[in-house]
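Enquirer: There's a structure below that I have some questions on.
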Amino acid sequence: MSILTSKIKDIFNEVLKNSNIEGDVIVEKTKSGGNGHFASNFPLLNAKKLSTNPMELGQKLVDELKQNKLFSDVQLAKPGFINFILNDEVLQSIVATINDQKSDFGRGAKKNFKYNLELVSANPTGYLHIGHARNGVIGDSMARIFKFNGYDVETEYYTNDAGNQINVLACTMYYNYLKALGKEVTEPAEMYGGDIYGEVVMNFVNKYGDKFVGHEMNDNKISNEEVHEIFREESIKYFLVEIKKQLEDLGVHIGYFSSEKEMYTNKEIEKTLAEYEKLGKTFEADGAL
Ligand SMILES: NC(=[NH2+])NCCC[C@H](N)C(=O)O
């Protein structure tokens, strides 16, 4: 509830108390137009209970509410509404407060709660597209809103740099590398299409020339493991640099990039599962934990 809404509610409740009237007060900000800045349907909702009619109850309350300096006018409207018009000075004082607090106006009190917000996390197998941009913009905005409201917020890009999609990337690159060198080559089992790879692959050609020509590809693996690793690692590195640039251009801030591969090499998954097992939170079924 806004500061003004609760202030008006307080004034209303005070008037009710002094008049020995009971009932719940609802005060709402009006949309615009001729119903004041705020309005209440109190008379309409409570007249019957109080053995009177809405307009009569409303008039009684309006006479009292008018006394308050917060309002330049308080009006009764059919069939039983009260409209509040705020004093110009009150409205101006809000502007003064905004001028004073600048971009801190409305900032929430510090909360003892931390969010880890994952955003984008696109596989590093190409450039970002408009869908990733959308995710980044929404995620970054959420992070800013939570921060402004007093939460501790960390943003994470979880990089899926392990798994089959990266092997497919390595083979796609190798395929385009061989083609760029004018070699006859059969397509790997799975391959990423599009003409972005031909361009990127020139980095490999310029750096290594024909050093890596002559290997087979089976099941999305380049038969020479070392060569596979080079194509894999350097492709990921290339696209992560590009992705970071794209996010920066977009004004999307990422707190940290985590790596799926590192989670495997640091045995984080085993460690986490062991923790869960210790807590008795795991079970085995169909040969799987
Ligand atoms: N924690 C997660 N699983 N995040 C989603 C990752 C999205 C995945 N890397 C993709 O590009 O489709």
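The values are calculated or read from the model by the stated rules, or taken from the named source; none is laboratory data. Just so we're clear, the structure is a prediction, and the values are computed from it rather than from any experiment. We place every Cβ from the backbone using ideal geometry, glycine too, and count neighbours over all the protein chains shown. Ligands, DNA and RNA are excluded from the accessible area calculation, which covers all protein heavy atoms including side chains. Shrake-Rupley method; radii C 1.70, N 1.55, O 1.52, S 1.80 Å.
Enquirer: Arranged from highest to lowest average of other beta-carbon atoms within 10 Å per residue, in what order do the peptides 270-283, 159-172 appear?
Expert: My ranking of the peptides, most packed first, is 159-172, 270-283.
Enquirer: Also: How would you order 186-193, 233-240 from highest to lowest mean count of nearby Cβ atoms within 10 Å?
Expert: On the way: 186-193: 13.5, 233-240: 17.9.
Highest to lowest by the protection proxy: 233-240, 186-193.
Enquirer: Measure off, as a whole percent, the carbon and sulfur share of the 1.4 Å-probe accessible area of segment 3-90, all protein chains present.
Expert: Its accessible area is 47 percent carbon and sulfur atoms.
Enquirer: Where both partners of a DSSP beta bridge lie in the chain, what percent of those bridges are antiparallel, to the nearest 5? Don't skip to the answer; put the middle values down first.
Expert: On the way: 15 of 24 bridges.
That works out to approximately 60 percent antiparallel.
Enquirer: Still on this structure, please answer the following. At 1.4 Å probe size, with every protein chain present, just tell me what the per residue accessible area of the chain comes to in Å². Before the final figure, lay out each step's value.
Expert: Numbers: 18220 Å² over 289 residues.
Per-residue accessible area for the chain comes out at 63 Å².
Enquirer: Taking the Cα centre of segment 108-280 as the origin, how large is its charge dipole in debye, to the nearest 20, when only Lys and Arg (+1) and Asp and Glu (-1) carry charge on their Cβ atoms? Could you put the intermediate results ahead of the total?
Expert: Details: 19 positive and 28 negative charges, 150 e Å.
The calculated dipole for segment 108-280 is roughly 720 debye.
Enquirer: Which residue fluctuates most in the GNM of the chain (Cα springs below 10 Å): Phe257, Phe146, Phe84?
Expert: Maximum fluctuation in the GNM of the chain, among the listed residues, is at Phe84.
Enquirer: Which residue fluctuates the most in the chain, going by a Gaussian network model with Cα springs under 10 Å, if the choices are Val201, Val252, Val15?
Expert: Among Val201, Val252, Val15, the largest mean-square fluctuation in the Gaussian network model of the chain belongs to Val15.
Enquirer: Given +1 on the Cβ of Lys and Arg, -1 on the Cβ of Asp and Glu, and no further charges, what dipole in debye does segment 1-104 carry about its Cα centre, rounded to the nearest 20? Before the final figure, lay out each step's value.
Expert: On the way: 12 positive and 13 negative charges, 63 e Å.
Approximately 300 debye in magnitude.
Enquirer: If one computes the Cα centroid of segment 103-164 and of segment 9-34, what distance in Å separates the two points?
Expert: Measuring centre to centre over Cα atoms gives 41 Å.
Enquirer: Also, I was wondering about something else. Using Cα-Cα distances under 8 Å and only pairs 6 or more residues apart, what relative contact order does the chain have, in percent?
Expert: Result for the chain is 14 percent.
Enquirer: On the protein heavy atoms, probe 1.4 angstrom, tell me the percent of accessible surface of segment 108-280 carried by carbon and sulfur. Intermediate values should be presented prior to the final figure.
Expert: On the way: 5140 of 10300 Å².
Looking at segment 108-280 in its full context, I get 50 percent from C and S.
Enquirer: Please get the size of the charge dipole for the chain, origin at its Cα centre, with Cβ charges of +1 on Lys and Arg and -1 on Asp and Glu, quoted in debye to the nearest 20. Don't skip to the end; give the middle numbers.
Expert: Working: 33 positive and 43 negative charges, 332 e Å.
Approximately 1600 debye in magnitude.
Enquirer: How much mean residue ellipticity at 222 nm does the chain get from its helices, if each DSSP H run of length 4 or more adds -39500 (n - 2.57) and you divide by all residues, to the nearest 500 deg cm²/dmol?
Expert: Details: 11 runs with 138 residues, N = 289.
Helix contribution divided over all residues of the chain: -15000 deg cm²/dmol.
Enquirer: Could you please report the charge total around Glu118, scoring K, R as +1 and D, E as -1 over all other residues with beta-carbon less than 13 angstrom from its beta-carbon? Display every interim value, and only then the final one.
Expert: On the way: positive: none; negative: Asp140, Glu154, Glu156, Glu260.
So the environment of Glu118 carries a net charge of -4.
Enquirer: Mind running the shape call on segment 178-239? Use the C-alpha gyration tensor, a ≥ b ≥ c as the square roots of the eigenvalues: rounded below 1.5 for a/c, prolate if a/b tops b/c, oblate otherwise. Provide the component values of the computation, followed by the final result.
Expert: Values: a/c = 1.16, a/b = 1.13, b/c = 1.03.
Taking the square roots of the gyration eigenvalues as a ≥ b ≥ c, segment 178-239 is rounded.
Enquirer: Then there's this: In the neighborhood of Lys244, defined by Cβ-to-Cβ distances under 15 Å, what is the net charge if each Lys or Arg adds +1 and each Asp or Glu adds -1?
Expert: Details: positive: Lys237, Lys245; negative: Asp140, Glu156, Asp161, Glu242, Glu248, Asp249.
Taking every other residue near Lys244 into account, the sum is -4.
Enquirer: While we're here: With springs only between Cα atoms under 10 Å, which of Glu64, Glu118, Glu216 fluctuates most in a Gaussian network model of the chain?
Expert: Among Glu64, Glu118, Glu216, the largest GNM mean-square fluctuation belongs to Glu64.
Enquirer: Put Ile11, Ile82, Ile94, Ile145 in order of accessible area, largest first, 1.4 Å probe: what do you get? Mind dumping the intermediate values first?
Expert: Working: Ile11 30, Ile82 0, Ile94 55, Ile145 105 Å².
Largest accessible area first, the list is Ile145, Ile94, Ile11, Ile82.
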